[in-house]
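Undergrad: Sharing a structure below in structure tokens format, with a few things to ask.
We did not get these values from a lab; they are worked out from the coordinates using the rules stated. Just so you know, these numbers come straight off a predicted model, no measurement behind them. With ideal geometry, Cβ positions are generated from the backbone for all residues, glycine too; neighbour counts draw on all protein chains shown.
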Amino acid sequence: MPDVHTGKGMPIGGVIATDGVIIPNAVGADIGCGMAFLQTNIEAKLITDTMTKSGSLLQCIIGDILRNIPVGFTHHNKKQDCKAVDDALDNIEQFKFAESMIKEIEDGYYQVGTLGGGNHFIELQTDDEGYICIMLHSGSRHLGSKICDYFHGVARELNAKENSPVPDNYRLAYLPVDSEAGQAYINYMNMALDFAYENRARMIEKVKEIFTRWCERNFEITPEYSNLINCHHNYAALENHYGKDVWVHRKGAIRAGADEMGIIPGAMGSYSYIVSGKGNEESFNSCSHGAGRRLSRTKAKETYSVEEVIIDLKEAGVVLGKNKKSDVAEESRFAYKDIETVIVNESDLITVVKRLKTLGVVKG
């Protein structure tokens, strides 16, 4: 994909279809990481131009989101409702292959509805028609990373015994899908996908609740919400391509079947896009998942100062909600590829439906 950059085992922004095997590191560590989007009927200027004692309404809403959705390494102190965890524990036999991992599933009760850190975000954006939209980026939190590491280890041991033709240092150890280990990984992966989807849905609901409260309090308007999209970009799925059932791994890529809606975010302070897939078979019906990194996190912090990034956001009129500013340069828009170029370079894969500009962003 045009957003491709270095990753463990397989580059982020890569798609691979396999016959009869599944590769944990071709799914990635944050299983089910993905995007959610929601349209509102509220004009952006109402939010940006309305002033309160604490600043603009936009600042108030961003601050409220930051206070009410755990970010970074924090999680809920009290157990939350979570259907994905309930369903897993009700079918616990499917997960007995890796009994040490069951505690990670149970911990999901405290992690559902939390954002995480790194490049995960919640944004209030404006579309080109001037209306507020909500977008967020998050996944399966700690659960997905633990699953990936555990089953990559299992796959390495299995491949060593079978003299796999794939060198161990490629970090692409695989599991036969008809093996006990392969089926166990698929069960765990699908559970993490359900959890990630529910995690994003829970946060979208919380943002809606906060946004609605501020709109009703200030304008006596109850916002209308529409066009919900919730899609993964780190997963594997059994699909039929070129007349054969294959496991399509998308690591930092989204499915873009004919007329399928998707989200391609840029870096904070730039543009993001809602797109419709063209069903291009040469990409296994896929497209990019974002702008893609131009600089590693370490290199970004070496290149840009905290002050430079903060000033850049202020000059763009972007409100930043972040508890710890010291690592903000990791997510500078200049650390990412130009989103406009990325979109142009995949015009054979997608059609642009909507362009969105960052107004306010919450980061871990």
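Undergrad: Roughly what percent of Cα-Cα pairs across segment 175-329 reach past 29 Å?
TA: 39 percent
Undergrad: Determine the gain in length on full extension of the stretch SER226-GLN80; use 0.36 nm per residue of separation and subtract their C-alpha separation, reporting nm with one decimal.
TA: Taking SER226 through GLN80 to full extension adds about 50.0 nm, to one decimal.
Undergrad: Run the helix sum for the chain: -39,500 (n - 2.57) per DSSP H stretch of 4+ residues, divided by residue count, reported at 222 nm to the nearest 500 deg cm²/dmol.
TA: -10500 deg cm²/dmol, from helical runs alone.
Undergrad: Could you give me the percent of Cα pairs per 10 Å distance bin for segment 14-363, shortest bin first, beginning at zero and ending with the bin that holds the maximum distance?
TA: 5, 24, 32, 26, 10, 2, 0
Undergrad: Within 10 Å, count the other beta carbons around each residue, average over each peptide in 69-78, 327-336, 10-19, and list them highest first.
TA: Descending packing order for the listed peptides: 327-336, 10-19, 69-78.
Undergrad: On full extension of the chain, what length is gained from VAL306 through LYS244, given 0.36 nm per residue of separation minus the C-alpha to C-alpha distance?
TA: Here the answer is 17.3 nm.
Undergrad: Here's a follow-up. Using per-residue counts of other Cβ atoms within 10 Å, averaged over each peptide, order 59-67, 264-272 from highest down.
TA: Answer by packing, highest mean first, reads 264-272, 59-67.
Undergrad: Here's something else I'd like to know. What is the spin-label model distance, in nm, from THR212 to THR298 if the labels are put 7 Å beyond Cα along the C-beta direction?
TA: 4.7 nm
Undergrad: Taking the mean number of other Cβ atoms within 10 Å as a proxy for protection, how do you rank 141-153, 92-104 from highest to lowest?
TA: Result, highest mean Cβ count within 10 Å first: 141-153, 92-104.
Undergrad: Oh, and also: Along Cα→Cβ, 7 Å out, is where each label goes; now give me the distance between the ones at ASP90 and ASN163 in nm to one decimal.
TA: 4.8 nm
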